[in-house]
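*Asks:* What follows is a structure written as structure tokens; I'll ask about it next.
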Amino acid sequence: MSVPPSPTTTSSKKVIIIGAGIGGLTLAALLERANIDYIVFEKAKTVKPLGSAMVCTPTVMLILEQLGIADYIKANSKRIVEGRQFSDDLKPIGPVTDYRSSVDRFGHHIHILPRSVLYHAIATLVPSHKIIMGAKMLSFIQNNEGVMVRLWDNSSYHGEILVGADGAYSAVRQTLYKSILEKKGDLPGSDLVQLPFTDTCLVGTTIPLNPENFPFVALDDSISYYVISKTQAFSWLFFTVPENRICWMVLEHLGGNSKKDNDNFRNSEWGPEAAGEMCERVRDFQFPGGFSMGDLIDSTPRDYISKVMLEEKVFETWYSGRTVLIGDACHKLHPAGGSGAISAIHDATILANWLYELKSTSIPDLESAFKAYRDERYPIVHKLYEASRRLSKTLGQSWVSVLTRKVMELMPAWIWKRILDTMYAYRPQATFLPLCPHSGTTPPSYQASLHLARRPSQTPSSSLSTYSVSSTGTDRASSVNVIPI
């Protein structure tokens, strides 16, 4: 039987991270550099290169520079200089979105690459013995002395801080909310409402393609085409990425009861099992250039094609006691805004900043740090949520979508620049790493954790410590199964 945490005689910070996605691994990489002890548990036994394109905007490039992987990202990505939209008769609609000024105004180009490339780059920053695969969390207990996590094999791990980085259907969040209700019952009503979804999404990344058949894949900059159907509830797009590959996506726009009440396919996992039927339905969708979605599907390994529901929600409760949430576990954004994984990286960075500042691991000090993290991130996340919702309205067939596209087509260039200023002014950094100089003509927005931080030359954050493991099952710490992408 698992027992609650016992009193600790150390003041070190031991962080248990549930979830080895981009957010969880970014936090692990930052804690590694902050000299804060941690371990990562991931329920998947292996990691597959699922998902489509990942956009690295100027808002995240400084963090990647601090972590030492920005050059790798640039070398394995393409620059996005513009985006084009078409109707399903392949006639242009809406404006050509121009991103060429990004480097002059924000210091960096906008880079696009397969999600798997970014994931692999971040994963290399975390020692493999600190990532335990095939480790599903069943429950946790927290009290004044610490937090204890119990895994599926009945092993238990003790620490002082628990981070839920385990996605939209977070087991950490669900367990946390249940415990809050049992003790106090003071959760906001919106946190108890089921995640609403608006679209189903089919994604994949092709194998290297022959430039003779797809000549644009050999261009230095990324080509991006977005097709919006006039007659069907679908839109589809692609981006070219390095190695002559294409990242592609198909969105099926659900309406009315479908997006809120349909539970026939409610699955937040990026998996190939449910993708086959949708692949057949969308094969004949055409792109400018004389090729179809079927051509891209046939050039993508079936195990790397996945289908997922796209939920949209910002939760109000991000922490309680020793437990805190990051990424999709506390805010799920529509991919139209391109902010999901980037927001998880931002969350990890700001949370790491405040953990570095901790005076002790008492619950009052932890909740003070968690509150500072939420106060810094929530307003920004909520703006991104609203922006993503507005952008998603440009993709459908409703009169609102048509009107929105017409307005955008007539929008003056200076308004588009103002929009970019709003999108890319937030360029946070880790306070405990050497700061990267800001370049570009647009100054970064205020970052509370940066202005209030002590610098690394001051008192060290913590000493390294060792996790205690009590187990009636397998000793998981001695058998680490990390499968890189």
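Every number here is computed from the coordinates shown, using simple stated rules; none is lab data. As the structure is a computational prediction, the values presented were derived from the model and not from experiment. Backbone-built Cβ (ideal geometry, glycine too); neighbour counts: all protein chains shown.
*Asks:* Where does the Debye-calculated log10 I(q)/I(0) of the range 43-186 sit at q = 0.12, 0.15, 0.17 Å⁻¹, using only Cα point scatterers of equal weight, no solvent?
*Replies:* At q = 0.12, 0.15, 0.17 Å⁻¹ the computed log10 ratios are -0.76, -0.95, -1.04.
*Asks:* Exceeding 18 Å between C-alpha atoms, which entries from my cross-link table qualify? They are K136/K371; K332/K383; K14/K313; K14/K48; K183/K332; K14/K183.
*Replies:* K136/K371; K14/K313; K14/K48; K183/K332; K14/K183
*Asks:* State the Cα centre-to-centre distance between the range 59-92 and the range 423-444 in whole Å.
*Replies:* If you average the Cα positions of each part, the centres end up 18 Å apart.
*Asks:* Separation of the range 142-160 and the range 184-212 by C-alpha centroid, Å?
*Replies:* If we compute the Cα centre of each part, the gap is 29 Å.
*Asks:* Given a Förster distance of 22 angstrom, what is the FRET efficiency for D303 paired with R283, based on the Cβ-Cβ distance and rounded to 0.05?
*Replies:* Plugging the Cβ-Cβ distance into 1/(1 + (r/R0)^6) gives 0.75.
*Asks:* At what distance in angstrom do the alpha carbon centres of the range 15-29 and the range 215-256 lie from each other?
*Replies:* One Cα centre to the other: 30 Å.
*Asks:* Among P92, A34, S52, whose Cα sits farthest toward the positive end of the charge dipole of the range 22-168 (+1 at Cβ of Lys/Arg, -1 at Cβ of Asp/Glu, about the Cα centre)?
*Replies:* Going by the charge dipole, the pick is P92.
*Asks:* Sorting check: for 198-211, 158-171, 15-28, which peptide has the highest mean count of neighbouring beta carbons within 10 Å, and how do the rest follow?
*Replies:* So the peptides 198-211, 158-171, 15-28, ranked by packing, come out 15-28, 158-171, 198-211.
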